[in-house]
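Below you'll find the structure, written out as structure tokens, and then a few comments.
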Amino acid sequence: MKNLLVTGGAGFIGTNFVYYWLGKYSEDHIVVLDALTYAGNKDNLTEAEKNPKFEFVHGNILDQPLVEALLENHNIDTIVHFAAESHVDRSIHGPDEFINTNIVGTHTLLKAAKKIWLDAGKESHRFHHISTDEVYGTLGSNDPAFTESTPYAPNSPYAASKASSDHLVRAYHETYGLNTTISNCSNNYGPFQFPEKLIPLVIINILFNKSLPIYGDGRQIRDWLYVDDHNRGVDLILEKGVSGQTYNIGGTNEWANIDIVHLICDLLLEQFSNDKSLAERFSASPAAQATDPKILITHVKDRLGHDRRYAINAQKIKNDLGFLPDESFETGIRKTLTWFLNHQPWWNNLLSDSYKKWIATNYSEPI
Ligand code: NAD
Ligand code: DAU
């Protein structure tokens with residue numbers, strides 16, 4: 001039985017992790033610590049809060065006394081650290097929060113874990129740090145995929161902050177003997193993803209006849225993994241991963257951005273044709289008139305320092321821990337589309353006021 005502290009559990013991947021874990025390990029206790037930034041949403045956890053083994057704490061990972069009290073009072077033996085500023089575009093426009101949360105915040109957690117676990121002789125513990133493939137930089141079209149020994153070469157302030165936090169986790173293992181593991185995962189998609197990220201943004205913009213912004217030529221490549229597969233990988237690492245080790249997690253599923261956008265357009269058109277109620281609910285969408293949503297595609301100025309290609313070599317987690325994704329991209333993207341179509345109130349609450357105003361002034365059926 002485990003007592004977990006899940007940081008950032010009200011965000012996209014953390015929320016999915018909480019439901020995955022509660023569904024699989026009914027004996028375990030989970031405490032979520034989340035600052036509820038723009039990306040965190042307590043309502044995500046409404047179902048989890050019905051479970052007496054779950055507790056939500058509104059607080060910041062930078063608050064070391066709070067973290068220490070949680071570790072002690074809940075007898076936490078496992079930290080799963082998701083909390084971060086996670087959006088590359090935001091890091092380009094305002095890096096400070098990324099330094100505070102991703103670097104200083106991670107260090108604060110490490111200090112608290114060292115004090116409450118190591119300094120008190122609590123041998124049975126694990127600090128699992130959730131990181132990203134972006135720490136490895138960018139690949140050319142013929143380069144081999146990132147392995148765990150690919151040198152770090154982060155290009156955005158976000159990636160640099162994550163790389164820095166990875167190094168701190170490593171240092172706490174090497175120097176103090178903290179029991180740590182790190183996972184570097186590729187792009188996730190699925191339920192509860194904040195609609196500033198490519199896939200949910202494109203889905204929602206198609207529903208409201210808004211342009212689909214493609215940075216540059218749209219031929220940048222990402223390696224997509226369904227969020228539950230990421231969390232199954234984390235589960236395997238917690239169960240069988242070796243202290244001090246890093247594991248890449250990915251689905252060997254490379255797509256150019258423009259091809260993903262085309263796919264979403266095609267699948268939504270198909271859904272509208274199969275379910276006539278969608279045309280009533282989203283009457284502004286081109287799909288409501290059986291028009292191909294690709295007409296909304298607009299190439300815009302490229303992201304500064306935009307990484308051209310990411311690809312994960314996931315052989316280590318496959319060979320050592322038996323990881324394989326359950327979800328194909330075909331099944332995962334269909335599930336994701338269906339989830340967004342069925343959860344309009346969820347994403348509607350997150351849309352900015354200016355976006356809502358835009359929709360209200362342009363269309364007769366404001367959301
Ligand atoms: P997200 O932005 O959806 O959620 C982040 C969560 O962290 C939010 O709930 C937010 O309120 C919380 N948070 C932010 N600052 C905090 C602070 N100072 N104290 C406490 N809570 C705070 O992010 P996500 O997409 O779910 O990503 C989760 C983790 O996974 C991040 O560490 C990210 O780097 C990593 N990751 C994400 C992806 C991806 O594709 N989304 C891929 C690989 C790795
Ligand atoms: O690779 C893992 C990373 O994936 C995570 O560490 C990050 O937290 C996560 O946000 C994600 O980063 P990306 O920058 O790859 O994701 P995003 O959804 O922002 O963009 C995906 C690709 O689509 C990227 O090449 C930029 C492009 N894009 C994105 C948006 C939002 C567009 O062309 N237009 C857009 O409007």
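Coordinate-derived values only; no laboratory data. The model shown is predicted, which means the values in this text are computed figures rather than measured ones. So basically every Cβ, Gly included, is an ideal-geometry build from the backbone, and we count neighbours across all protein chains shown.
Values for this structure:
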| quantity | calculated |
| --- | --- |
| Which listed pairs, of 53/122; 2/111; 42/318, have C-alpha distances above 29 Å, in listed order | 42/318 |
| For the stretch 246-360, diffusion coefficient by Stokes-Einstein and Kirkwood Rh (Cα), 37 °C, 0.692 mPa s, µm²/s | 190 µm²/s |
| Relative compactness, the stretch 123-213, computed as alpha-carbon Rg over 2.2 N^0.38 Å | 1.40 |
| Neighbour count of at most 10 Cβ within 10 Å plus DSSP loop: longest GluC sites (Glu not before Pro)-free window in the chain | 124-367 |
| Antiparallel DSSP beta bridges within the chain, percent to nearest 5 | 10 percent |
| Relative contact order of the stretch 236-367, pairs being alpha-carbon contacts under 8 Å that are 6 or more residues apart, as % | 30 percent |
| Relative contact order (percent, whole number), the stretch 102-241, Cα cutoff 8 Å, 6+ residue spacing | 26 percent |
| Gyration tensor (alpha-carbon) shape descriptor, the stretch 30-76, a/c threshold 1.5 | oblate |
| Convex hull projection area averaged over all views, the stretch 89-149, Cα basis, nm² | 6.2 nm² |
| Between the stretch 196-242 and the stretch 109-151, the alpha-carbon center distance in angstrom | 21 Å |
| Acute angle (nearest 10 degrees) that the helix 227-240 long axis makes with the longest principal axis of the chain, alpha-carbon atoms | 10 degrees |
| Over the stretch 1-94 - Rg/Rh using Cα atoms and the Kirkwood inverse-distance radius | 0.98 |
| Within straight-line cross-link reach of residue 210, lysines at Cα separation under 26 Å, skipping those fewer than 8 residues along the same chain | 197, 276, 294, 301, 335, 356, 357 |
| Between helix 329-342 and the chain: long-axis angle, C-alpha atoms, 0 to 90°, nearest 10 | 70 degrees |
| Extension gain from residue 123 to residue 298, taking 0.36 nm per residue of separation minus the Cα-Cα distance | 57.5 nm |
| Computed [θ] at 222 nm, deg cm²/dmol, the chain (DSSP H ≥ 4; -39,500 (n - 2.57); rounded to nearest 500) | -11500 deg cm²/dmol |
| Percentage relative contact order, the stretch 138-212, counting C-alpha pairs under 8 Å, at least six apart | 12 percent |
| Longest to shortest principal axis, alpha-carbon extents of the stretch 148-274, angstrom | 58, 31, 22 |
| Cβ-defined net charge surrounding residue 101, 13 Å radius [Lys, Arg +1; Asp, Glu -1] | -3 |
| Expected-Rg normalisation [2.2 N^0.38 Å, Cα atoms] applied to the chain | 0.99 |
| Charge context of residue 291, other residues only, Cβ under 14 angstrom, K/R +1, D/E -1 | -2 |
| Kirkwood Rh, Cα atoms: Rg over Rh of the stretch 49-188 | 1.00 |
| 17 Å tail of the calculated P(r), the stretch 211-278, as % of Cα pairs | 62 percent |
